[in-house]
Protein chains: 2
Amino acid sequence: MSEQNHTSSGQENSLNKQSPPTRRGVINMMSAGAGLILGAQVTCSRESGLKLGESLSPALAETNPEQANKVSNPRVKLDLNVNDFIIHGERPLTYEAKRHTIGTSLITHEKHLYIPNNLPMPDRAITDQPDEWLLDVKGVKNSRTISIAGFKTLGLHTVTAVLQCSGNGRTFYTHSPSGSQWATGAAGCVVWSGIKLIDVVKYLGGLKGEPKYVTGTGGDPLPNKVEPAAVVVERSIPIEKGLKDAMLAWEMNGDAISLEHGGPLRLIVPGYFGCNQIKYIKRLAFTAEQTQSKIQKAGYRFRPIGEKGSPHYPSMWSMPVKSWLTNEDQMFGDQQVLRGVAMGGERSVERVEVSVNGGKSWKNASLVGPDLGRFAWRLFQITVNFPQGKHKLMSRAYDDQGKVQAKKRQENERGYGHSGWLDHALDIEVYPKEMRGNTIIKSVDFITKPNTKHKEKLKLSTLAQRGKEVYLKETMPECGICHALEDAQSKGAIGPKLDKLKPSLKQIKNAVSKGLGAMPPQKQLNEQQLNALAQYIFEVTK
Amino acid sequence: MSEQNHTSSGQENSLNKQSPPTRRGVINMMSAGAGLILGAQVTCSRESGLKLGESLSPALAETNPEQANKVSNPRVKLDLNVNDFIIHGERPLTYEAKRHTIGTSLITHEKHLYIPNNLPMPDRAITDQPDEWLLDVKGVKNSRTISIAGFKTLGLHTVTAVLQCSGNGRTFYTHSPSGSQWATGAAGCVVWSGIKLIDVVKYLGGLKGEPKYVTGTGGDPLPNKVEPAAVVVERSIPIEKGLKDAMLAWEMNGDAISLEHGGPLRLIVPGYFGCNQIKYIKRLAFTAEQTQSKIQKAGYRFRPIGEKGSPHYPSMWSMPVKSWLTNEDQMFGDQQVLRGVAMGGERSVERVEVSVNGGKSWKNASLVGPDLGRFAWRLFQITVNFPQGKHKLMSRAYDDQGKVQAKKRQENERGYGHSGWLDHALDIEVYPKEMRGNTIIKSVDFITKPNTKHKEKLKLSTLAQRGKEVYLKETMPECGICHALEDAQSKGAIGPKLDKLKPSLKQIKNAVSKGLGAMPPQKQLNEQQLNALAQYIFEVTK
């Protein structure tokens, strides 16, 4: 598209460019509305609308999608709409917000916030009486166990901070890194409320010795028979950061934190990646060394492709400057409000630019709404006139020290920390005016990116069908808690990704019957179960 | 209590004053936690807690109050807990957040936000496809009807603003003003997102003529046979305010606005009282005069006690500076974090003071969390050490022009605009240490204030019992839509309050059979129904 069509921020320009509104224009605008939300065949009632005192027609009421669209997983108690999420896995829960699910209120509603999990969630009963939850505090002069009710008498702190998975953007890497294939939606901006770590430390008489790290341990139930260090959700962060910014939070966006989001108590480290924000935290320790947990020593390390994780690679702590557009990828009509979110990690966002021509030229966007502090993201917008056709749009953010968002991804084994603006471009299609009325709009799923391969559904042998049952229900811990296997929709990240490993029948039987590394032997399985399981894994991965 | 026990802001002071923590202290702290949330007989598990990998005991799981405490009104789709609200009425919905329901996250979760209504809500189906909602815009050069989807292509604005009923605090007046007996909880702070009115006006070619007001009309279904002006939710605000600050909002706290809170589209006038924030807005007009609706001409007027409302009394527009504490009224242990909210109406809050001795002396509180802009409220806190016994606590706020919150209420007929700090005092009782473990804690309801009289339940005659059915189900519109009647739990504010009017049998029969003023005759009632209805109203009000 040409430069003329790209107005700078402020609606005045684009509004004045509009030809005088016509009756036809109004109809188009209304029809466009219907198309935008339905994303399917649109029969538009046009200028009818509702009159005061009238009820909606029964026909409209009957199509009420309210119940049909609810997430049906019985482990989810939040009121989630399946259309708002890309569901990467159900066990453990791994839900990503779609690009356009992020709203325009700066803060992200819990109904629109991504849900990542390394392990199944604890029993929901722990959130019934949140004030009774206990935290062990170690590495202070007076170590002790304190309830949330106790913390509430000691201090109060409130911060707005971006919560973002270190794997957000992983799907844009081309070397197929293992783990959930997050696109843009493993991120949100949340108001957290609780008490700062520094206030806890002061209350408990100060630090004991000279610890260098803050180590938090999650209350995730651990699978039996597995070496705890291999699976425990335990992470360490530098003590300076912990004492300066970190907090224990019991409230999120004005409500007690839900189990899905780490309630009743979550460690919040503003400006750091999500893996450091320990859910259902049970133990807080000020330690001389980083924890020996696998997810600290080897996991969440920014390492070259092909290398194993180890402590000499950088840990996924501080987040880089990043932004992306949050519009839908289909638009109707000339004028559009492009919007997006921009974050500075531990620094404020200074400004944001938008390009509508693939990065050839850039215009400043306007920041919208209040500044919620340097750990929050900013909402930005720019009003643009588009000709019909396809366009590549992107944004890039600058932090308050002038550091600009990177253009390209930084290659690394696990696809962590992607902030490159090029891959985060939004490819849109603008429909011509005459198609706006009742076009069949093909819904495009955002995860349909080049490197996400969806295999054809396999026809399993009878033995393998039986083996799938063993995989899902008869192993302990369930295979899927530690292993990713596409056919079983399991997303465990503790052990090898089976689709990639492609083990032989003999390898499977050996590992399952005798154990291997951290993996315990499945002694409860009989020969028939073992054979079936091996056949299943072999068939779906070969 | 003495001055020494009252520390200034910052936890350092109070923390250092604490004697070295003892084992007993920890037990007390934990027990206190249980008491604070249960508000009933407490059996505390003490230091047991949950160990990693353990599930909660079945006993605890069985006491899960999750389902039992849900609001059961089928017209409410929000996930509300009855313990969080004072329910003033079910039809129309009139829910007040308890004092302590307001959290500490600055923004108020929709689960904790009060719900006021003058009329029953529209059909819920109007929020199924919010983008299709239509608004008529009048008084501009190019009047037209625009859908929410259309507005989304025109602009984007986000603001955080206090939503507060003009009757918030009414229960503290002693002359028994009619209307819902709100205490502190008809208020919340919300992030709204949508488009500014000024951007709509620009798009539609500018204003037509020289209008002086912005008039918004709600989509509330009107009762049949009643003069529309008597019941319609239609309000006018000065045009300067409307063009400077007002907006049309379709998103609240990051989610589409729910029906309970005025979705799909609500007029937001930041800094103004709730009555101006028109729900389900259907018509926006730029007008030369204020609307002739009853709620504009006579209602929401700040008038002397005993006077009728009329246009020469001030309309309930801009809100005054105000603050109040949001703690529970029962506390355990010496140290407490007192917290509250402070708002400046249309101005920023400069500072807040707290008194713990009934207003004899004051200390500065600390403001907590980000400043969300001048229309939002600020969260404040102060850490205080209390001796056991009863204490009267209060706060007072100063706006950025040095204007201080009033001490006393300003008497007025309808009990509007109460911002006096004296009546908003929090009377607390601090329990002695040795009682903290498993005391029976008597729950004190905040509406049990001197002027709220709860009559003994009357024993109705057989005829009156029949009449109650007529009142509730056989009149059209239902009597309760327009009238308040305590026995029927109806809260209509359009017609006279029957408990106060105390009509005779003859008066009732005359009004019902022939109509009176805006009230339509109930011609469908037979003689027996009419007699029963009259007997019922007479018995419960005499």
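The values are calculated or read from the model by the stated rules, or taken from the named source; none is laboratory data. Being a predicted model, the structure only gives us computed values, none of them experimental. Here Cβ is always computed from backbone atoms with ideal geometry, including for glycine, and neighbour counts include all displayed protein chains. SASA here: full protein model, heavy atoms, side chains in, ligands and nucleic acids out. Shrake-Rupley method; radii C 1.70, N 1.55, O 1.52, S 1.80 Å.
Pull up all non-local amide H partners of A:SER105: gap of 5 or more, or a different chain, and H-to-H distance under 5 Å with H placed in the peptide plane.
Here the answer is B:GLY254, since their amide H atoms fall under 5 Å of that of A:SER105.
Could you give the accessible area per residue of the range A:462-541, probe 1.4 Å, as a whole number in Å²?
Per residue, the range A:462-541 has an accessible area of 49 Å².
On average, how many beta carbons from a partner chain sit within 10 Å of the beta carbon of a residue in A:157-164?
3
Once the cut-off is 23 Å, how many percent of the Cα-Cα pairs in the range A:199-298 end up in the long-distance tail?
25
Once phi is turned into ³J(HN,Hα) by the Karplus curve 6.51 cos²θ - 1.76 cosθ + 1.60 with θ = phi - 60°, what whole-Hz value does each residue of the range A:92-102 show in order, with x for glycine and proline?
So the Karplus estimates, Gly and Pro as x, are x, 4, 9, 10, 10, 6, 5, 3, 8, 5, 4 Hz.
Output the relative contact order of the range B:462-541, whole-number percent, from Cα pairs under 8 angstrom with separation of 6+ residues.
39
Give me the Å³ per residue figure for the convex hull around the C-alpha atoms of the range B:462-541.
Here the figure is 74 Å³ per residue.
Return the value, in Å² to the nearest 100, of accessible area buried between chains B and A (probe 1.4 Å, both sides summed).
7500
In whole Hz and in residue order, list the ³J(HN,Hα) couplings for the range A:308-314 that follow from phi through the Karplus curve 6.51 cos²θ - 1.76 cosθ + 1.60, θ = phi - 60°; x for Gly and Pro.
Going residue by residue, I get 7, x, 7, x, 7, 8, x Hz, with x marking Gly and Pro.
When the label point is put 7 Å from the Cα of A:GLN410 along its Cα-to-beta-carbon vector, which residues of the range A:227-250 have a backbone N closer than 16 Å?
Within reach of a label on A:GLN410, which here means backbone N under 16 Å from a point 7 Å along Cα→Cβ, the range A:227-250 contributes nothing.
Any idea of B:ARG396's accessible area? Nearest 10 Å², probe 1.4 Å.
That residue has around 50 Å² of solvent-accessible surface.
With the contact rule set at Cα under 8 Å and sequence spacing of 6 or more, what percent relative contact order holds for the range B:82-297?
Relative contact order of the range B:82-297: 24 percent.
By accessible area of protein heavy atoms, probe 1.4 Å, what ranking do B:MET476, A:MET519 get, highest first?
Greatest to least solvent exposure: B:MET476, A:MET519.
Over the whole of B:360-369, what's the average partner chain Cβ count within 10 Å per residue? Rounded to a whole number, please.
2
Quick one: which residues, 5 or more positions from A:CYS189 or on another chain, have an amide H under 5 Å from its amide H? H modelled 1.01 Å from N in the peptide plane, none for Pro or chain starts.
Amide H neighbours of A:CYS189, under 5 Å, 5+ apart: A:THR108, A:LEU163.
Just the number, please: carbon plus sulfur as a percent of the accessible area of the range A:462-541, 1.4 Å probe, no ligands or DNA/RNA counted.
Roughly 57 percent of what the probe reaches on the range A:462-541 is carbon or sulfur.
Which of rounded, prolate, oblate describes the range A:231-366, given a ≥ b ≥ c as roots of the alpha-carbon gyration tensor eigenvalues and a/c under 1.5 marking rounded, otherwise prolate only if a/b is larger than b/c?
prolate
Taking the highest mean first, how do the peptides B:90-100, A:147-157 order by number of other beta carbon atoms within 10 angstrom per residue?
A:147-157, B:90-100
Using unit Cβ charges (K, R positive; D, E negative) and no other charged atoms, how large, in debye to the nearest 20, is the dipole of the range B:462-541 about its Cα centre?
In debye, rounded to 20, the range B:462-541 gives about 240.
With the Cα gyration tensor of the range B:82-297 in hand, give its eigenvalues times 5 under a square root as the equivalent ellipsoid semi-axes, listed largest first in whole angstrom.
Listed largest to smallest, the semi-axes of the range B:82-297 are 28, 20, 16 Å.
Over the range B:84-150, consider all pairs of different Cα atoms and compute the Kirkwood hydrodynamic radius from their mean reciprocal separation; express it in Å, one decimal.
With all distinct Cα pairs of the range B:84-150 included, I get 15.0 Å.
What list of ³J(HN,Hα) couplings, whole Hz, do you get for the range B:534-542 from phi and the Karplus terms 6.51, -1.76, 1.60, once you set θ to phi - 60° and write x for glycine and proline?
Here the 3J(HN,Hα) series is 4, 4, 4, 4, 5, 4, 7, 10, 5 Hz.
How would you rank B:526-532, A:251-257, B:311-317, highest first, on the average number of other Cβ atoms within 10 Å across their residues?
Top to bottom by mean Cβ count within 10 Å: A:251-257, B:311-317, B:526-532.
Could you work out the mean count of beta carbons from other protein chains within 10 Å of each residue's beta carbon in A:142-151?
6
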